[in-house]
Amino acid sequence: MREQFGRPLATFQALRHRLAEAAVSAEATRWLTREAAATGDDRQAALAAWYAADTAAALAPELVQLCGARSFTLEFGLHVFTMRLDGLRLEVGGPDRLGGELAATMAEVRR
């Protein structure tokens, strides 16, 4: 168990809040994706993809930092998932491209 200032890291309220925010964002991503799959709506799918890319871009560095930065990630393989996430974001186009596609899809729906 990792300790700082003679106390386990899990006892620090600030870290608990950061982990809770990460969990809420991950759960929101999961439910948006499920909703898009259930409805089959292109606009919902674009929204879910945009939100997932945006959330991943925000959470990856946050979680790496919470896990002890580089030395801890090399030991437990978190760096591999971080690199995979960066590759996937490049392939999908990132939040900016997905946001533009979502805006275009919404403009078509309004016509």
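Each reported figure results from applying straightforward, stated rules to the coordinates on display, with no laboratory input. Model, not experiment: these values are computed from the prediction. Neighbour counts run over all protein chains shown; Cβ positions are idealised from the backbone, glycine included.
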Computed FRET value (nearest 0.05) for HIS17 with ARG97, which takes r as the C-beta separation and R₀ as 30 Å
0.45
Give a residue-ordered list of calculated ³J(HN,Hα) values for the stretch 38-49 (Karplus: 6.51 cos²θ - 1.76 cosθ + 1.60, θ = phi - 60°; whole Hz; x for Gly, Pro).
6, 8, x, 7, 4, 5, 5, 5, 5, 5, 5, 5
Potential extension, ARG84-ALA38 segment - 0.36 nm per residue separation minus Cα distance
13.9 nm
